[in-house]
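> Before I ask anything, here is the structure I am working with.
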Amino acid sequence: MPLFNTVTIRTPESVELEFVLAGVGSRAVALTLDYLCLGVGLTGLTLVYSFLLVRLLAMDTVLTIPSETVQLWITAIAAVLAFFLYIGYFVLFETWWYGQTPGKRYAKIRVIRDDGQPERLPQATLRSLLRPIDDILFIGFFCILLSKTEKRVGDWLAGTLVVQADPATAGEIQVPERSQAIGKDLLGLVDMARLSPDDFATVREFLQRRQAMSPKAKTLVSDQLARRFKDQLGLETLPTEMTTDTFLEALYYAYQEGR
């Protein structure tokens, strides 16, 4: 019996990819570390709140506003800021780090969409807004344990999965010098703004996972992606001496340089 559950996903390019689910233990470690980071931020916010409250209440002889009203407003503002810090922490990190937070990066897990694509802003926002529900009475914990795909409430409604990050594909992608040179040429030929963040994430996902794919699947996906982005950028054709892998590497490099 395998230690971790797996899930097979058919990508939009009709290629089946197998992912290893994160497991409740790894998710618990990640969440604990993230809550420690949040605790530091909330502690700082509390100190600022206390400082401002003491200073403003000390000025009650100067202010025309009753001290009770001042305390109420400062408390309300602090509560709103704490809420946005709690939600924004997960939204910002999972969006910019492609499904990872500091805790998830340490635990080597990440969030993906049900179709295998990287998590983006809408999914990260919905998961974060529903997190308090999952935390109440450990509802999320029991959902993960009882679900075959190990989903909490936020995962079900956002359409996401939490999987193990492949150690072989972690970190930045090394782009060969030849692909970098082609990428620089692309910047002068096409408008990289035609590529959305989701398009870039798709290229990045392929370049990270291609070594784990079978030669047939790798060639199929590479050809389909190259054809799709060639048309999207308005290129008539690719040079015959350029492989589709090289084109995608150049695209990855050009998008980063053009931001």
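The values are calculated or read from the model by the stated rules, or taken from the named source; none is laboratory data. Note that the coordinates shown come from a computational prediction; the quantities given were computed from them, not determined experimentally. Reconstructed Cβ throughout: ideal geometry from the backbone, glycine too, with neighbour counts over all protein chains shown.
> Looking at 35, 49, which one is among the aromatic types (Phe, Trp, Tyr), at pLDDT 85 or above and assigned by TED's automatic domain parsing to the domain that holds residue 155?
On the way: 49 fails: at pLDDT 85 or above.
Being among the aromatic types (Phe, Trp, Tyr), at pLDDT 85 or above and assigned by TED's automatic domain parsing to the domain that holds residue 155 holds for just one of 35, 49, which is 35.
> Could we say that residue 220 is surrounded by 13 or more Cβ atoms within 10 Å (Cβ to Cβ) and out of contact with any helix residue (DSSP H, G or I) (no Cβ under 9 Å at 6 or more places or on another chain) here?
yes
> Right, here's the next one. Could you tell me which of the residues 99, 116, 171, 183 is at pLDDT below 95, outside the structural domain of residue 37 (by TED's automatic domain parsing) and within 20 Å of residue 198 (Cβ to Cβ)?
Among 99, 116, 171, 183, only 183 is at pLDDT below 95, outside the structural domain of residue 37 (by TED's automatic domain parsing) and within 20 Å of residue 198 (Cβ to Cβ).
> So which of 116, 99, 88 is surrounded by fewer than 17 Cβ atoms within 10 Å (Cβ to Cβ) and out of contact with any helix residue (DSSP H, G or I) (no Cβ under 7 Å at 6 or more places or on another chain)?
88
> If residue 119 satisfies every condition in (1) within 21 Å of residue 235 (Cα to Cα); (2) among the charged types (D, E, K, R); (3) in contact with a Gly (Cβ under 9 Å, 6 or more places away or on another chain) but one, which is the exception?
The one condition residue 119 does not meet is (1).
> A further question follows. Just checking, does region 186-208 include any residue being of a type in the set (Phe, Trp, Tyr) and in contact with a Ser or Thr (Cβ under 8 Å, 6 or more places away or on another chain)? Step through it out loud before you land on a result.
Filtering region 186-208 for residues of a type in the set (Phe, Trp, Tyr) gives 200, 206.
Right, trim to in contact with a Ser or Thr (Cβ under 8 Å, 6 or more places away or on another chain) and you get 206.
Yes; the residues of region 186-208 include at least one that is of a type in the set (Phe, Trp, Tyr) and in contact with a Ser or Thr (Cβ under 8 Å, 6 or more places away or on another chain).
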